[in-house]
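Participant: My structure is below; once you've seen it, I'll send some questions.
The values are calculated or read from the model by the stated rules, or taken from the named source; none is laboratory data. Predicted, not measured: the structure shown is a model, and the values here were computed from it. So basically every Cβ, Gly included, is an ideal-geometry build from the backbone, and we count neighbours across all protein chains shown.
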Amino acid sequence: MKVGVWKMLGAVLALTGSATIANAQFGPPGGMDMGPLEVGVVEMTLQEIPRIVTSPGSAVAFQEVEVRPRVGGVIEEVLYTPDQVLEVGDPLFRIDDSSYVAAEAAACSDVATAEANLILAQAASDRAERLSGSGYTEAEVESARATLAEAKATLDSTKAALEYAQTELSWTTIKSPIAGRADVSTVSVGDLVTAGQSDELTTIVQSDPIYVDMMEASARILSVRKAITEGVIKQNDSLQATLVLENEEVFHGVGQLVTAGNTASTTTGTVTIRFKFDNPDHVIIPGMFVRGQVTIGTVEAFLVPQRAATRDNSGKLTAYVVSDDGKAKQITLEDDGSYDNSWIVRSGLSEGDQLIVDGLSSLRSGQDVKPVAATIDEDGITRDAETPAAED
């Protein structure tokens, strides 16, 4: 029995060895020759690419006013509704004005008295001047002149008091100092308010236009300035910004630079850069967080589709190109941010290089490849260059 088993095992091993030799001699089963791996490639060309910096930001009201009374009294009427769109001078509150009406009347009476006294003083002065030396001594003439000057001063004083009384009377109707939207009133009819009190009656916010303050690291500002100085970045004549809202929607307007910031935060190391946006539909509200994208200028570089490059364990960006001998060659790239769905690469590629963008899953360096021209559409889908995209 044991001899028979060993004979059978020897026969199996012999057959296995024959099959291995056959495979080694004739290649894959069925005699198929796999040949070079077909890969999709894109020819690299230098392009003028927008240099866009993305920064976090927050919206700030163009104007914001806390309304307080300038005279005291009892609130008789609230003349607006919350969230009402106001223009400059629109009435907000009316304070009981009875005491201010009386003060104005008293000031008017003082002016009338002063005017009458001035007429008498003027007549006395004229008479003294006319009769000087014949009935009026020099001292009496000087006295008449002084009385006239005093009467004029009194009239000016009473007119100033009248003007102030009228101003205080006008302050009993509290008006909007800016155009904007009013918040809920903090007082009701019958409440007593005082001049210059610390508690505001309401708040008015103007959010069209609106400011957006973007926070940018001072280190990156230095890097960008260096790139501009060295000619790597061709700076635009003016800086403009676009916004991405909290729901990832792109805001329709374009912002203009107001100030590039003059100081850096000692705690965060960031500089506040302010832009102004038209906001007619009040989509952006003060305090809202946004992402700002600022186009600084353009750089001359290659665009490498993100699907064609990966980062190794050290964080370096790697990709494959087709070498002159038709083999896949792994290269290391230095990126300078991204644009759309591509890496901005200024080092590691040459004009005319064939970058492999498809067939990467089983690719290894040194493998024979057959390049096929391909394109990548805006959705990141690779297609043969001669094959048009399917229409819906």
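Participant: Would you please name the residue that is surrounded by the fewest Cβ atoms within 10 Å (Cβ to Cβ), looking only at residues in segment 205-227 that are of a type in the set (V, I, T) and at pLDDT below 90?
Facilitator: I221
Participant: Okay, moving on. For segment 45-96, enumerate the residues that are over 30 Å from T242 (Cβ atoms) and of a type in the set (D, E).
Facilitator: The answer is E66, E76, E77, E87, D90, D96.
Participant: Filtering segment 74-124 down to residues that are of a type in the set (A, V, I, L, M) and part of a loop (DSSP other than H, G, I, E, B), which residue is farthest from T172 (Cα to Cα)?
Facilitator: Out of the qualifying residues, it is V88.
Participant: Quick one: which residue in A160, A121 is small (G, A, S), over 30 Å from V65 (Cα atoms) and either more than 60 Å from the chain's Cα centre (by Cα) or surrounded by fewer than 13 Cβ atoms within 10 Å (Cβ to Cβ) (or both)?
Facilitator: Only one candidate passes the filter, namely A121.
Participant: Here's something else I'd like to know. So, in segment 204-227, of the ones that are assigned to a strand (DSSP E or B) and of a type in the set (S, T, Y), which residue ends up nearest to the chain's Cα centre (by Cα)?
Facilitator: Selected residue: Y211.
Participant: Further, regarding this structure: Are any residues in segment 48-68 part of a strand (DSSP E or B) and either touching a Pro at 6+ places or on another chain (Cβ under 8 Å) or more than 16 Å from T295 (Cα to Cα) (or both), and if so, which ones?
Facilitator: Within segment 48-68, S58, A59, V60, A61, F62, Q63, E64, V65, E66, V67 meet the criteria.
Participant: Whether any residue in segment 172-181 is over 29 Å from L92 (Cα atoms), surrounded by 15 or more Cβ atoms within 10 Å (Cβ to Cβ) and among the polar types (S, T, N, Q) is what I want to check.
Facilitator: For segment 172-181, residues over 29 Å from L92 (Cα atoms), surrounded by 15 or more Cβ atoms within 10 Å (Cβ to Cβ) and among the polar types (S, T, N, Q): absent.
Participant: What about V71, is it outside any strand (DSSP E or B), of a type in the set (A, V, I, L, M, F, W, C), out of contact with any Leu (no Cβ under 6 Å at 6 or more places or on another chain) and at pLDDT 95 or above?
Facilitator: yes
Participant: Let me ask another. Restricting segment 188-204 to residues that are surrounded by 18 or more Cβ atoms within 10 Å (Cβ to Cβ) and not hydroxyl-bearing (S, T, Y), which is farthest from E76 (Cα to Cα)?
Facilitator: Per the criteria, the residue is I204.
Participant: Would you mind listing the strands (runs of 3 or more DSSP E) fully within segment 254-338 where at least 1 residues are outside the structural domain of K370 (by TED's automatic domain parsing), touching a residue at least 60 places away in the same chain (Cβ under 8 Å) and charged (D, E, K, R)?
Facilitator: 270-277, 289-305
Participant: Turning to a different aspect of this structure: Residues to consider are V78, V39, V53; find the one that is in contact (Cβ under 8 Å) with a residue 12 or more places away in the chain, surrounded by 13 or more Cβ atoms within 10 Å (Cβ to Cβ) and more than 30 Å from Q354 (Cα to Cα).
Facilitator: V78
Participant: Report, by residue number, each residue of segment 360-376 that is surrounded by 10 or more Cβ atoms within 10 Å (Cβ to Cβ) and at pLDDT below 85.
Facilitator: T375, I376
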